[in-house]
1. Among the residues of segment 242-267, count how many are touching a residue at least 60 places away in the same chain (Cβ under 8 Å) and among the hydrophobic types (A, V, I, L, M, F, W, C).
2. Pairs needed: first member in segment 30-41, of a type in the set (Gly, Ala, Ser); second member anywhere, part of a strand (DSSP E or B); C-beta distance under 6 Å; at least 6 residues apart or different chains.
3. Please go through (1) assigned to a loop (DSSP other than H, G, I, E, B); (2) touching a residue at least 60 places away in the same chain (Cβ under 8 Å) for Ala208 and return the number of the only condition it doesn't satisfy.
4. Residues in segment 224-241 that are in contact (Cβ under 8 Å) with a residue 60 or more places away in the chain and out of contact with any Gly (no Cβ under 6 Å at 6 or more places or on another chain): how many?
5. Only residues that are of a type in the set (Lys, Arg) and over 19 Å from Gly65 (Cβ atoms): list them for segment 141-166, please.
6. Go through (1) touching a residue at least 24 places away in the same chain (Cβ under 8 Å); (2) farther than 27 Å from Met58 by Cα; (3) touching a Gly at 6+ places or on another chain (Cβ under 9 Å); (4) basic (Lys, Arg) one by one and return the number of the condition Arg198 breaks.
7. With the checklist (1) charged (D, E, K, R); (2) surrounded by fewer than 19 Cβ atoms within 10 Å (Cβ to Cβ); (3) closer than 23 Å to Glu191 by Cα; (4) out of contact with any helix residue (DSSP H, G or I) (no Cβ under 7 Å at 6 or more places or on another chain) in hand, flag the one item Asp230 doesn't pass.
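The values are calculated or read from the model by the stated rules, or taken from the named source; none is laboratory data. Being a predicted model, the structure only gives us computed values, none of them experimental. A quick note on method: Cβ atoms are made from the backbone with ideal geometry, for glycine too, and the neighbour counts reach across all protein chains shown.
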Amino acid sequence: MYHYSFSRRQVLFGLGAMGLARAANAKPMRGIFVIMATPFTESKDVDYEDLAREVDFMDRCGVHGTVWPQLASEYASLTQPERMKGMEVLAKASQGKKAALVFGVQGPNLDKAMEYLQHAESLAPDALIAIPPTEAKSVDDFRRYYAGLAAATKRPFFVQTTGGAKGITPPVEMMTALAKEFPHLGHIKEESDPVIERMIGLSAHRPAVKSVFSGAAGKGMMYEMRLGMDGTMPGAPFSDVYVQIWDAYQSGNRDKAREIFSKLLLMVNLDQVIPGTRQYIMRKRGVFKTMMSRRQTFKITPAAAEEIEFQFAGLKPYLRA
């Protein structure tokens with residue numbers, strides 16, 4: 001059970017010291033970096049106790065990195081105080097854990113994103129990530145946003161290519177130029193079409209580009225690993241399964257990786273067919289108390305629950321937590 005009765009000053013002082021120790025032991029930006037889900041109470045308040053419990057779940061799953069808050073975290077529904085407190089809770093809960101801690105510092109514009117970055121810096125995570133600005137009007141706005149954030153930190157920084165202003169996609173050339181100007185900005189989460197073509201284009205600019213990750217529930221991870229990409233950032237419910245696919249492939253057992261991946265895809269597909277599948281699994285696995293979401297309203301019918309249970313049974317041999 002987690003209790004948070006200490007003052008904000010105590011939190012920041014203690015976490016700042018923890019962050020200095022973390023910074024001295026840089027963790028590789030490679031592998032399965034899970035986008036953590038945000039738990040909510042029945043009244044749709046953020047459940048910080050469950051958020052801390054999720055860190056322990058990730059640790060048992062063996063993930064290589066934890067990322068919060070991003071699109072799969074329902075970050076757009078969170079208030080600024082909720083995001084700030086969530087970072088503090090996660091920094092404390094992640095102390096001594098093996099996974100790299102990555103904070104999302106995106107904002108609608110550079111000024112707002114800078115507020116999140118400055119708070120994240122006080123907690124000294126292992127890396128940062130930012131979705132593009134939603135108020136951008138041009139690619140130049142994207143460039144100024146990432147250049148401004150990169151100038152304010154020396155931590156590894158992921159550029160995400162989706163989720164920003166509609167109709168604007170960060171060009172590969174822009175990202176590689178920024179990576180050369182700001183070496184710590186050479187980490188990319190690529191989700192824009194054509195994804196594979198863009199990932200290959202980014203990878204051609206190594207070593208300025210230091211790591212290339214995918215998103216989209218890791219649906220392309222088998223091919224991406226063949227191409228030598230550095231990892232993927234899936235959602236939270238099946239974190240241990242993604243890790244086992246990664247480990248099997250990296251150790252040369254591609255047949256085993258394919259076998260597990262084929263079972264995982266059934267659940268990834270089901271998440272598209274039955275809204276609420278992710279929340280159902282997080283509660284079923286004992287990580288969250290509720291299935292509440294601020295982003296969507298859903299009802300798991302008896303038939304839907306039966307289908308989720310049937311497909312999830314295929315993953316049970318590969319669960320670690």
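1. Selection size over segment 242-267: 2.
2. Gly31/Gly231
3. Status for Ala208: all satisfied but (2).
4. Here the count works out to 8.
5. Arg143, Arg144, Lys166
6. All conditions are met except number (3).
7. (2)
Residue-wise test of (1) surrounded by fewer than 19 Cβ atoms within 10 Å (Cβ to Cβ); (2) at pLDDT below 95.
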| residue | (1), (2) |
| --- | --- |
| Ile274 | no, no |
| Thr277 | no, no |
| Ile281 | no, no |
| Arg285 | yes, no |
| Thr297 | yes, yes |
| Ala303 | yes, no |
| Phe312 | no, no |
| Ala321 | yes, yes |
